[in-house]
Structures are given as structure tokens and as C-alpha cells.
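Coordinate-derived values only; no laboratory data. Note that this is a predicted model, so its numbers are computed, not measured. As a convention, Cβ positions derive from the backbone with ideal geometry for all residues, glycine included, and neighbour counts pool all protein chains shown.
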Amino acid sequence: MNTALRGLVITGGTAAAFFSLAPVAPLSAQSAPKDAQTRIAVDNLRGVPIVVYLDREPLDVRLGTVKPHTTGVLPLPEYLVNGEDARVFVHPEGGQDLASQDVTIRKGETLNVVVPTNEVGYLPPPPPETIPNPGEGTTTVTVKNPRSVPVVVFIENGPFDSRIGTVPPDQETTLMIPKSLAESRSDIEIFLHPEHGLDLASQHFELKPGDHLLVKVPMP
């Protein structure tokens, strides 16, 4: 895959180079699924790409991207329990998040989701989270977004990425990194997805609970 250097990010004194990635599903979604693997088939009726998420507290898990007017088949995480209820979110590029009804996970089966052309299932955005100054022991990342489009911020978390928040155009936002992630690993990789653009990925850098990271979104 060809990549182009897009800029630099300074994180607590460490320089992290960002480079562009093709807007495709996670690597695990590009390989042929196993027969016993649980999958989701997303029929995208819209004329724009959609990003598909699984609602998993405390973060949404990014499953992959489906092209316009295409049905994409994406694998679901193996840790899902047979018979549990789950909810799927999709984000049409340039639009609002849509939420599915609860669906029941059946191991080895394929769930079917249709993304309508209207706003059925529209999910109002949550109110901005206030991080108290930023709170003792809280691990955060401040993202400066000079672009004219919103930027979604992800943290690499195993085979899938977890969404920690969205930074509006021409704004700076501080997002909390969940305690479970900050305490369970010694390094981290951050992905940025500008609306209508390509993913930007950082190099791995060290992370300790209580760190406050600074990321600047490079201009295109």
C-alpha cells in the first residue's frame, strides 16, 4: 500500500509521524472469513461510504467501511457471546450516526443490516463530555483540528479500532482514554479519520496512566 507522509504529531515530547491510509475495512475484514465466523452484511443504499460500528461499552468498535450502493460483509469480534444482544451504528460520510435495533448474536451466522436513504434510526449526538481539569489520574488526548471538516479519533485496540470521540471543524477537543486501556498496555497508536478523507495513523508511542497527549491534525 502506498502511503504519503502527512505531517507530525507531538505527544508529550515524542514526535509521531502521521501517514495516510486507504479508507478500507480493518485488515481482518479484508481476508476471507472462516466458515464458523460470525459476520454482519451491511447493505448500503446511500451514495456515500459508511463506517460501521458495534456498540461496546465504554467505546464503539469500528468494524469497517462499506462503499456506496454496496453490500459489505464484515467479521464481528470473536469475544461476542452466543445469544447476547448487540447494537450496530453506522456513520454515513457527511451525515449523522444511525442506530439499529438490538440484534441477537448467533455464532456462525450472518446478521443483515440495511442502511436506508432517509434518517430512520438517527442517533442524536451525545452532549460534550466535560473532563474536570482534566481530573487526577485521567488519561487524555487533546486533538487540535485545523481542518474545515470533523475528525473522528480512534485508538487501536487489537484487530479492531475503538472510537473515543469526534473533534468539530476548526476546534480543539480533549478526549478521555478509558482507564481500562490506559492501564492494560504500555504503548498506543491513534488513528484520525477526517470526514471525506483518508485515515491518518500515528506510530506507536509509550503510554502511562495519567498521561496527557497532544495531537494536531495535519492539513491536507
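Values for this structure:
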{"read-out": "Mean Cβ neighbour count within 10 Å, used as a protection proxy, ranking 42-49, 154-161 highest first", "value": "154-161, 42-49"}
{"read-out": "Pair Val48, Ala99: separation of 7 Å Cα→Cβ label points (nm)", "value": "2.1 nm"}
{"read-out": "Radius 15 Å from Cβ of Phe89, net charge of other residues (Lys, Arg +1; Asp, Glu -1)", "value": "-4"}
{"read-out": "Candidate lysines for bridging to Lys208, where Cα separation is under 24 Å - those fewer than 8 sequence places away on the same chain excluded", "value": "Lys144, Lys179, Lys216"}
{"read-out": "Amide H contacts under 5 Å for Phe205, placed H, 5+ residues apart", "value": "Ile188"}
{"read-out": "Distant-in-sequence amide H partners of Ile177 (H built 1.01 Å from N, under 5 Å)", "value": "Thr139, Thr140, Val141"}
{"read-out": "Nonlocal amide H pairs with Lys216, under 5 Å, H built at 1.01 Å", "value": "Ile10, Lys144"}
{"read-out": "Backbone HN-Hα couplings from phi across segment 173-182 [Karplus 6.51/-1.76/1.60, Hz, Gly and Pro as x]", "value": "9, 9, 10, 8, 8, x, 4, 4, 6, 5"}
